[in-house]
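Report on the structure given below.
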Amino acid sequence: MNIRTHLLLLAVINMSLAASFAVDKQKSNEQIVRDYVAAFNSRDVDAMLSMVTEDIQWLTVAGDKLAIETDGKLKLRQSMAAYFKSNPSAKSELVWVQMTKLRVAALEKASWQGKSGPNSQSSLSVYEFRNGLIARVYYYPAEK
């Protein structure tokens, strides 16, 4: 083989390795949910918004009713800012997580300091993904 063929082969191998490395570095949907909850716990609204689509929807499921709590990044920003202001001690932890190709289901345990002491409750949540970003979050009624 001549030098050009060697260089071409090296370039192809290098591109192949780079593409493989990029795929390995891509976060799973489960890791994105974990990062989202960590950003929530840090009160980092900008980090939270970097993980969602422009048309993010936050939905509450109650029996046979589905309510849209927020629709779009701006509304989510406003909602989170108000929530953090009214609940400064609120934290969330993922008790368990299960994943399908486009959804992550989790049992989330929220805790906060109330006037009469510490409180907590758990809720089932389902995060729906589109193009590697959270597009919808479904929250089910909380249970103590």
Of all residues in region 34-70, how many are surrounded by 14 or more Cβ atoms within 10 Å (Cβ to Cβ) and either touching a residue at least 12 places away in the same chain (Cβ under 8 Å) or assigned to a strand (DSSP E or B) (or both)?
21
Determine whether Gln78 is part of a strand (DSSP E or B) and farther than 14 Å from Asn29 by Cα.
no
If Ser50 meets every condition in (1) among the small types (Gly, Ala, Ser); (2) under 17 Å from Ser111 (Cβ atoms); (3) within 14 Å of the chain's Cα centre (by Cα) apart from one, which number is that one?
(2)
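Hey, any hits in region 88-102 for a residue that's in a loop (DSSP other than H, G, I, E, B) and under 13 Å from the mean Cα position of the chain (by Cα)?
Step one: of region 88-102, the residues in a loop (DSSP other than H, G, I, E, B) are 88-90, 100-102.
Okay, now just the ones that are also under 13 Å from the mean Cα position of the chain (by Cα), so 102.
Yes; the residues of region 88-102 include at least one that is in a loop (DSSP other than H, G, I, E, B) and under 13 Å from the mean Cα position of the chain (by Cα).
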Considering only region 82-100, state which residues are surrounded by fewer than 15 Cβ atoms within 10 Å (Cβ to Cβ) and without any contact (Cβ under 8 Å) to a residue 40 or more places away in the chain.
Ala82, Tyr83, Lys85, Ser86, Asn87, Pro88, Ser89, Val95, Trp96, Gln98, Thr100
Contact list, first residue from region 117-144 and under 20 Å from Ser89 (Cβ atoms) and touching a residue at least 60 places away in the same chain (Cβ under 8 Å), second anywhere and surrounded by fewer than 14 Cβ atoms within 10 Å (Cβ to Cβ) and not aromatic (Phe, Trp, Tyr), beta-carbon distance below 9 Å, six or more apart or interchain, is Tyr139/Glu69
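For region 105-144, name all the residues that are part of a strand (DSSP E or B) and of a type in the set (D, E, K, R). Please lay out each step first, then the result.
Start the filter on region 105-144 by keeping residues that are part of a strand (DSSP E or B), which leaves 105-114, 117-130, 133-139, 143.
Correct list: Glu108, Lys109, Glu128, Arg130, Arg136, Glu143.
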If Ser116 meets every condition in (1) at pLDDT 95 or above; (2) among the polar types (S, T, N, Q); (3) loosely packed, with under 13 Cβ neighbours inside 10 Å apart from one, which number is that one?
(1)
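The values are calculated or read from the model by the stated rules, or taken from the named source; none is laboratory data. Computed from a prediction, not measured in an experiment: that's the story for all the values here. Counting neighbours? That spans all protein chains shown, and the Cβs are built from the backbone with ideal geometry, glycine included.
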